[in-house]
Structure formats: C-alpha cells, structure tokens
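Data block below; observations after.
The values are calculated or read from the model by the stated rules, or taken from the named source; none is laboratory data. The model shown is predicted, which means the values in this text are computed figures rather than measured ones. For neighbour counting, all protein chains shown are included, and Cβ atoms are generated from backbone atoms with ideal geometry for every residue, glycine included. In case anyone asks, the SASA skips ligands and DNA or RNA and just uses the protein heavy atoms, side chains included. Shrake-Rupley method; radii C 1.70, N 1.55, O 1.52, S 1.80 Å.
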Amino acid sequence: MNLPNILTLSRIPLMFLIVWLMREDFMWAATGAFVMFVIAGLTDWLDGYVARKQGIVSNFGILMDALTDKILMLGLMIALVDIEQVHIFLVLLILGREFMITGMRLVAATKGVVVSAESSGKQKTVTQILALGAFLLEAVFRKDFGSGNDGWAVQAAEILNWIGLTLFGLCVFMTLYSGANYFKKYGELVFLEGDR
C-alpha cells in the first residue's frame, strides 16, 4: 500500500480518537481533539499532494479519499449530537444527502459516467470543516482555558459557539443546495426508466 492510501485511511482511526477526546473531561482533552482534527485535515491535503507529485492517482485513492472525508465529518457531527451541541435533525439531513449523492455516483459509475466534485460540493465541505473546527476550538477555550464564568476564555468560547452554530446552519443549507445541484445535473442519468 502506498503512502497516499495510508494517509487516506488514517482519517478513520483519527475520527475515533477525536470523538473519544471530545467526550472526555480530563485536562487538554479538548485541545487534543482540536489538534487531531487539524492533523486529519493535513493528512487530507498531504495524501493528495503526494499522490499528484508521485503520479500515483488511483481509483482506490479517489474513492476512498472522498469516503474517509465523509466518515470523518459525519462521525464528528454524530459526536456533536451526542454532546448536545447540534440537533440530530440537522445531522440527519446531512447524512441523508451524503448517502444519496454517494449512491447516485455509484449508479452513474455503473453507466460509465464519473460524477466529479462540483464547486457547490466543495463549498459545502469547507463550511462543514469550518463549523466543526469552530465547535472543537470552542471546547478548547471552555474546557482547557476557561476558569470561572466571566473570563476571556469563556467569552471566546461563547463567540466560537455562536460562529459554530451559524456555520453549521450554513453548512446544512450548502449541503442541501449542493445535493439539489447534483440531482439537477445527473438525476436524469441516474433515474432512467428500466433501472430497477
């Protein structure tokens, strides 16, 4: 197995580590979760960079990179539901869209069509990363630096929580909007008569 594939697959155990740290109360657990989130993002960038540099872009890498990104993001969102940071209904909307688009891509692939990433899908991913990053950073200030109820760290945590909620709302909108764009562009191809 080559380095880009190893980096891609490393995001799955990182997701479990981040979720575990999110749920723990010991000192620096929240900081550890944020650092691991940044490392997961760096592995995402690095696997693509190394693959392009070495010319080893593969179907496995293309498919698994997108899949591990979705697993990481959705796993962290489910953890946010568990710690009551976001509402489950919003995460279910995102989860449903992700599975529908992945299924659509698989059906298109059976017909020899590659459904490439659209700009709205990339914008959706960016809003998801920023929202999750804001929530994780909020926990850093609240748990690891917050002392008392009126310190600078608590105020920073409140601001980051507001930013996270706003970005999460935007990411739900962008997720549904990009999903609609994919179905508008590729729906006819995927749902042709006689496919069932």
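The set of residues in the stretch 142-179 that are of a type in the set (A, V, I, L, M) and at pLDDT 90 or above comprises A156, A157, I159, L160, I163, L165, L167, L170, V172, M174, L176. Checking I129, I159 one by one, the residue that is in a helix (DSSP H, G or I), among the aliphatic types (A, V, I, L, M), in contact (Cβ under 8 Å) with a residue 12 or more places away in the chain and open to solvent by 20 Å² or more (accessible area, probe 1.4 Å) is I129 and no other. Based on what the data block shows, is D69 crowded, with 20+ Cβ neighbours inside 10 Å, part of a helix (DSSP H, G or I), of a type in the set (D, E) and on the phi < 0 side of the Ramachandran plot? For D69, the condition - crowded, with 20+ Cβ neighbours inside 10 Å, part of a helix (DSSP H, G or I), of a type in the set (D, E) and on the phi < 0 side of the Ramachandran plot - is not met. The residues listed here are G179, G187, G146; of these, the one that is among the small types (G, A, S), open to solvent by less than 30 Å² (accessible area, probe 1.4 Å) and within 30 Å of A30 (Cα to Cα) is G146. Among residues of the stretch 67-91 being of a type in the set (D, E) and in contact with a helix residue (DSSP H, G or I) (Cβ under 9 Å, 6 or more places away or on another chain), the one that is modelled with the lowest pLDDT is D69. Pull up the stretch 1-18, narrow it to residues that are aliphatic (A, V, I, L, M) and open to solvent by less than 30 Å² (accessible area, probe 1.4 Å), then point me to the one that is nearest to A66 (Cα to Cα). Only one residue fits best here, namely L7. Scanning the stretch 23-40 for any residue that is part of a helix (DSSP H, G or I), closer than 14 Å to N2 by Cα and over 14 Å from the mean Cα position of the chain (by Cα) turns up nothing. Only one entry in M104, M64 is touching a helix residue (DSSP H, G or I) at 6+ places or on another chain (Cβ under 6 Å), open to solvent by 20 Å² or more (accessible area, probe 1.4 Å) and more than 15 Å from G169 (Cβ to Cβ), namely M64. Mind checking which residues of the stretch 79-96 are of a type in the set (V, I, T) and crowded, with 17+ Cβ neighbours inside 10 Å? V86, V91, I94 - these are the residues of the stretch 79-96 that are of a type in the set (V, I, T) and crowded, with 17+ Cβ neighbours inside 10 Å. Residue count for the stretch 30-56, restricted to those that are crowded, with 18+ Cβ neighbours inside 10 Å, in contact (Cβ under 8 Å) with a residue 40 or more places away in the chain and either over 24 Å from A134 (Cβ atoms) or out of contact with any Lys or Arg (no Cβ under 6 Å at 6 or more places or on another chain) (or both): 6.
K111 passes every criterion in (1) open to solvent by 60 Å² or more (accessible area, probe 1.4 Å); (2) charged (D, E, K, R); (3) at pLDDT 90 or above apart from (3).
Of all residues in the stretch 140-156, exactly one satisfies the criterion of being assigned to a helix (DSSP H, G or I) and either of a type in the set (S, T, N, Q) or within 20 Å of I88 (Cα to Cα) (or both), namely Q155. When L132, L170, L137, L165 are checked against the criterion of being touching a Phe, Trp or Tyr at 6+ places or on another chain (Cβ under 8 Å) and under 19 Å from L90 (Cβ atoms), L132 stands alone in meeting it.
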